[in-house]
Structures are given as structure tokens and as C-alpha cells.
Amino acid sequence: MKDLLNLKNKVAIVTGASSGIGYATAIRLAEAGCNVVLAARRIEKLNKLESKIKRMGVKVLTVQTDVTQKKDIENLVNMTVKKFGRIDILVNNAGVLDSQEFLSLEKDRLEKVIDTNLYSQVWLGQAVVKQMKKKKSGRIVNITSIAGFKSSSGLTAYNLSKAAIVMLTKNMALELGAFGIRVNGVAPGLIETEMTSGMIKDKKLLKSYLEKIPLNRTGNGTEMANVVLFLASDLSNYVTGETIIADGGWTIHL
């Protein structure tokens, strides 16, 4: 079993690695022996994480990256290949949350959500796949959300961006399977991160959420990272095109 989870000498790019699920995922992959490329905008936080991961005995590369910028995506991939000569795993995790009701949608804010949550996964996926095709092997994990399956008032932009990722994952898997590349998704529920801190601090709001979750608690980044590790490892070798919902049972009735 340990061998199936062993990622020794593999190379993984993790976007949005400065906090939350991305941070936890980078650590979990490193614990499995994987060399990790940390990508995010907040370089100070990445540098602290880099120091922590180096102590685990694996190689690490930090690249300040704005995933909405194609030049940054190209730089990220080029620097990774220059240092490691390969890319085995991509975790598309970077994302933003913006609360806007449908009738109040503004073009600039809508485009920011789509650019960050959806287009970044398309453009980075394309760039990384060019490298994965050379060795006919690769694992891509797209982070979406239960917001891609259930609508919420005031989250139109976020909902549609996350729903699109679910279908993107299926299409990528369909087209890339012939090259030995598996593509899957993870749809977290209410996870304690910087993005959700406002909701979790609101005791009344949190109580209303927990009443809908059979496990009656929030999740954490490490629990999501465990799902990513499964999808990035040999344990899931015959799984592709799937999105695993990890929400404590919140969407069980959908």
C-alpha cells in the first residue's frame, strides 16, 4: 500500500499554494516524497512554505505566479522544466470567491472570477500537458467546489465557474487519456481556509451550514489534500474524468 502512495522523484506543480487547500496539498505531496513547485502571488508566504518543505528532504521550487496571466503560466512551466526536466502532477487549485447576485453582476468582477477559477486551469493545463505528452504519463487534479453542483444565492459567478470546471475535467480526461494522462477533480464543501473565514466566524451562519452537513463539522485543508494525494497516486490508476465530492455529506441529497 505504501508503494502505491509513494511519489518519490515525481514533480508536482501546485497553484494557490500560499494558503488553504493548496498549502496543505503541497505539504502532503512532499510527505509522499514528491518534489514540489509552489505557485501563488504572495511570495512571502511561499518562501515560508518552501523552508518547511525543504526540511522534509525533497526538492522545492517557488515561482511567484498570477494564474490569470499567460506569461506567468509560461514562466511557471518553463522554470519547472528547467529545474526538474519533467512535470508529473498538476494541481489546479488557485481560485477566488466573489459574492454577486445575478442582477448585480459586473463585467470586470465576473471576468476576474472566470479568469482565475476557470481559464487558469485551461491555460495551465494546456501548457503542462505539452510536457506530460512527451513521456505519455501525467496526473492532473482540478479543484472545483460543491458550488459546481449546488446553486447559492449571491454566488452566480462563483457557481458557474466551478460548474464549468467539472465539465472541463471530463473533457480533458476524454481527450488526454490516449496519452496516459489522467484528469480528475475534487469538490470541497465547507473547508476552513482564508477564503471561508468570514462565513465560519459568523456563528449563526455557521450553525445553519452545519445543520445541513451529516458529519456536523467543517473540513480542513489536510482532508482535501488526502483526496488530492489519492488522485495523484497509483491508487487511482483506473480513475479519470471523475470529480470527488468531499463535503461531509452536505450534497448527499442532490
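Values quoted throughout were computed directly from the atomic coordinates according to the rules given, and no laboratory measurement underlies them. Keep in mind that what you see is a predicted model, and the values were worked out from it rather than measured. Cβ atoms come from the backbone with ideal geometry, glycine included; neighbour counts cover every protein chain shown.
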Please check which bits of segment 86-103 a label hung off Lys130 would reach, taking the label as a point 7 Å along Cα-to-C-beta and the cut-off as backbone N under 15 Å.
86-87
Cβ-based charge dipole, segment 121-247, positive-most Cα from Pro188, Ala164, Gly125:
Gly125
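Quick one: net charge of His253's neighbours, Cβ under 13 Å, K/R +1, D/E -1?
Numbers: positive: Lys150, Lys212; negative: Asp247.
In short, +1.
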Nearest 10, in degrees from 0 to 90: the angle of helix 221-232 to the longest Cα principal axis of the chain is 50
Taking the Cα centre of each part, how many Å lie between segment 114-179 and segment 204-254?
17
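May I ask which of Lys45/Lys112; Lys48/Lys134; Lys136/Lys162 have a Cα-Cα span longer than 24 Å here?
Working: Lys45/Lys112 22 Å; Lys48/Lys134 33 Å; Lys136/Lys162 28 Å.
Too far apart for the 24 Å limit: Lys48/Lys134; Lys136/Lys162.
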Pick from Val67, Val96, Val36 the residue whose mean-square fluctuation is largest in a GNM of the chain, springs joining Cα atoms under 10 Å.
Val96
7 Å from Cα along Cα→Cβ at both Met167 and Leu105: what's the point-to-point distance in nm?
1.3
Excluding residues fewer than 8 positions from Lys204 in its own chain, the lysines with Cα under 18 Å of it are Lys212
Pull up the cross-link candidates among the lysines for Lys52, meaning alpha carbon to alpha carbon under 22 Å and not fewer than 8 places away within one chain.
Lys8, Lys10, Lys83
Give the angle, between 0 and 90 degrees and rounded to the nearest 10, that separates the Cα long axis of helix 20-31 from the longest principal axis of the Cα atoms of the chain.
30
How big is the charge dipole of segment 125-231 about its Cα centre, in debye rounded to the nearest 20, if each Lys and Arg gets +1 on its Cβ and each Asp and Glu gets -1 on its Cβ?
360
Principal-axis tilt of helix 156-176 within the chain, Cα atoms, nearest 10 degrees:
30
